[in-house]
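Student: Handing you this structure, nothing more for now.
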Amino acid sequence: MFFNYDSNLESSWRKEAESAMKWTMELQQKTFPRCDLYEEDEGFILEAEIPGIEIADIHVKLENNVCIISGTCQTMKAGIRYHLKERPHLTFEKRITLPSHITKEGIRYSLTDGLLTITLPKENEEVVLVIQRED
């Protein structure tokens, strides 16, 4: 039995595989890191799963009531011949809109066992406004 090799079929298969890999990488960049946001009496806690990344490679900022987590996940090792490579090497940015205003003072974050925890204190909502009467 002879096998008729079709190089066009292999080329087509490679293009499909490359397209699927590109789509998967784009999806991972949009959804990474996975996050939870919950509220406590004093403020909000934002937790993000960021395993294998050093805290120096993570940046957190607050911009117009949106918490932005960005960084680089470097998983490629030089001089290594991979037989399986599922963990992506990617630069990420995740934007999370907060449900209420945040006090700029007291925002802090830490990284423990691959879990980034950001503490976001709520702005004091009680504002007393004295209105002057016109005479």
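Student: N124 to S70: extension gain in nm, 0.36 nm per residue of separation minus the Cα-Cα distance?
Tutor: Contour length minus the Cα-Cα distance gives 16.7 nm.
Student: Using 0.36 nm times the number of residues separating E40 and L115, minus their current alpha carbon distance, what extension gain do you get?
Tutor: Full extension from E40 to L115 adds 25.2 nm.
Student: Can I ask one more? For K122, list long-range residues whose amide hydrogen, built 1.01 Å from N in the peptide plane, is under 5 Å from its own amide hydrogen.
Tutor: Here G43, F44, T103 satisfy the definition.
Student: Quick check: pseudo-label points 7 Å beyond the Cα along Cα→Cβ at S12 and R133, how many nm apart are they?
Tutor: For S12 paired with R133, the spin-label model returns 8.6 nm.
Student: Note the full-extension length gain between S100 and I55 as 0.36 nm times their separation in residues minus their Cα-Cα distance, in nm to one decimal.
Tutor: 13.5 nm
Student: Continuing with the same structure: Roughly how big is the stretch 8-121's charge dipole about its Cα centre, with Cβ charges of +1 (Lys, Arg) and -1 (Asp, Glu), in debye to the nearest 20?
Tutor: 680
Student: A further question on this structure: For the pair R108 and L90, how long in nm is the line joining their label points, each one 7 Å along Cα→Cβ?
Tutor: In this crude label model, R108 to L90 measures out at 3.1 nm.
Readers should treat all values here as calculations from the given coordinates under stated rules, not as data from a laboratory. The model shown is predicted, which means the values in this text are computed figures rather than measured ones. Cβ sites come from the backbone with ideal geometry, for glycine too, and all protein chains shown count toward neighbours.
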